[in-house]
Amino acid sequence: MRATRVRRASAAVAVLVAAGLALLAIPLEHGTIDASPPATTSVVAPAPPPAVPLAPQELSARVVPTIVTVTTHSALGTTAGTGIVLHPADSAAIVLTNHHVIDGGTDIAATSMHDMRRYPAEVVGYDSSRDLAVLRLPGGNALPTAALGSAHSARVGDPVTAIGNAEGGGVPVPAPGAVTRLGVTVTTRNSTDGSRNQLSGLIEVDADVRPGDSGGPLVNAFGEVIGVSSAGNAVERDVPQAPAPKSYAIPIDSAMELVDQVLTGRPSDTVHIGPTPMLGVSVRDHRDAMSNTPAGAEVTLVSFRSPAEVAGLARGDVIVEFDGVPVRAAADLTIRMNALHPGDPVQLQWIDATGAPRSGSLVLQEGPPR
């Protein structure tokens, strides 16, 4: 029985094109059913790797209990994805998923495929440029944890299986296939807001990874996680002459580097740790009209009652300095915001629509992950 009702419009199902591919988080109309957290505190450790490759049913039995389905409510609707349970931490479980699964989320929850219990999810940290996020599930310390392998051992032709919340139905579905290429670079398109991102070093497979599988494990024949499913062409099964399935996974080795960085509290230009600070503006690159050189971050939208609006920023203004650091492009603002947290004071300088220099101070509010 499906726990969610999915909007199935063929136009919303992404098809790989030369310019890029859609990310695999699927919009939903309703979230998953709520349940109470488990009372037990015993930890289920990963089973030792088998001596021989597993049959499909054995593989699913080994992997499915170690994943969660992720449901994210945001201003744009509801999104479904998948997460991999890594290990317990205090009284919680640490889960790895894609950033685009939780992007913009004001309410994020995870349902364990081990016991079908629902847990609130806290965002520990993320890197949007690598499309990875680390979640914490309070009360989930007893959840079974995934057996991790290494993408370094993967070879073209190796059998693999992607398992996840395909089509957001709340039921894990295995997608068998084989490795077709290694070290691939692709440009992805977010099916929700159209934003693009370049990912490199990926594992390409011919498994039929579908919307909702994002953040789920790509496992080898022994059930060991070698990658995190991130993007694919996910065509409809009944489309005549549909192209061969093609999907991409982030190597688990590089994903775990991000997990370690987040859990040890080391932010960087692309990695944000903790609650997300909100300035309250959308910006784009601004170029000087005379020299055509980068000249700031142009404000395209100011959120109602946001710190930016209170400070006096308006659409069309160009931010040129952030806390004493010059801003030459929109990315400069993102880098600065990654290092900050809600409650931090900020000094801004900008040029208004008349060309006059202006300045102001504000205090960042807490916002959804971006």
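For the reader, a short list of remarks on this structure follows.
- Residue ID - surrounded by the most Cβ atoms within 10 Å (Cβ to Cβ), chosen from residues in region 276-299 that are of a type in the set (Ser, Thr, Tyr) and within 24 Å of Gly125 (Cα to Cα): Thr276
- The test for being surrounded by fewer than 18 Cβ atoms within 10 Å (Cβ to Cβ), touching a strand residue (DSSP E or B) at 6+ places or on another chain (Cβ under 9 Å) and free of Cβ contacts under 8 Å to residues at least 24 places away in the same chain holds for Pro120.
- Residues of region 72-102 satisfying the condition of being of a type in the set (S, T, N, Q) and touching a residue at least 60 places away in the same chain (Cβ under 8 Å): Ser74, Thr79, Thr82, Thr97, Asn98
- Listed by position, the strands (runs of 3 or more DSSP E) enclosed by region 76-179 that each have at least 1 residues that are under 30 Å from Pro53 (Cα atoms) are 77-89, 92-97, 105-112, 132-138, 159-164.
- Some residue of region 257-265 being buried (at least 22 other Cβ atoms within 10 Å of the Cβ) and either aromatic (Phe, Trp, Tyr) or modelled with pLDDT under 90 (or both): no
- Among the residues listed as Val302, Val325, Val363, Val310, the single one being hydrophobic (A, V, I, L, M, F, W, C), closer than 27 Å to Asp127 by Cα, open to solvent by 30 Å² or more (accessible area, probe 1.4 Å) and in contact (Cβ under 8 Å) with a residue 24 or more places away in the chain: Val363
- From the options Ala142, Ala166, Ala154, residue that is crowded, with 24+ Cβ neighbours inside 10 Å and aliphatic (A, V, I, L, M): Ala166
- Across region 328-360, the qualifying residues are those that are over 30 Å from Gln261 (Cα atoms), among the hydrophobic types (A, V, I, L, M, F, W, C) and open to solvent by 50 Å² or more (accessible area, probe 1.4 Å), and the one among them that is modelled with the lowest pLDDT is Ala353.
- Total residues in region 95-112, condition of a type outside the set (S, T, N, Q), open to solvent by less than 20 Å² (accessible area, probe 1.4 Å) and more than 18 Å from Gly227 (Cβ to Cβ): 6
- Some residue of region 99-112 being of a type in the set (A, V, I, L, M, F, W, C), touching a Phe, Trp or Tyr at 6+ places or on another chain (Cβ under 6 Å) and modelled with pLDDT of 95 or more: yes
- Test: residue in region 55-78 that is closer than 20 Å to Gly265 by Cβ and either open to solvent by 20 Å² or more (accessible area, probe 1.4 Å) or more than 15 Å from the chain's Cα centre (by Cα) (or both): no
- Flag for Thr161 being buried (at least 21 other Cβ atoms within 10 Å of the Cβ), polar (S, T, N, Q) and within 28 Å of Pro368 (Cα to Cα): no
- Residues that are surrounded by 15 or more Cβ atoms within 10 Å (Cβ to Cβ) and either at pLDDT 90 or above or more than 13 Å from the chain's Cα centre (by Cα) (or both) within region 185-198 comprise just one, Val186.
- Residue among Pro144, Pro174 that is over 20 Å from the mean Cα position of the chain (by Cα), touching a residue at least 40 places away in the same chain (Cβ under 8 Å) and under 20 Å from Met256 (Cβ atoms): Pro144
- Total residues in region 82-92 satisfying the condition of being at pLDDT 95 or above and either within 15 Å of Ala146 (Cβ to Cβ) or within 19 Å of the chain's Cα centre (by Cα) (or both): the figure is 5.
The values are calculated or read from the model by the stated rules, or taken from the named source; none is laboratory data. Only a predicted model underlies this, so the values are computations on that prediction, with no experimental measurement involved. With ideal geometry, Cβ positions are generated from the backbone for all residues, glycine too; neighbour counts draw on all protein chains shown. SASA here: full protein model, heavy atoms, side chains in, ligands and nucleic acids out. Shrake-Rupley method; radii C 1.70, N 1.55, O 1.52, S 1.80 Å.
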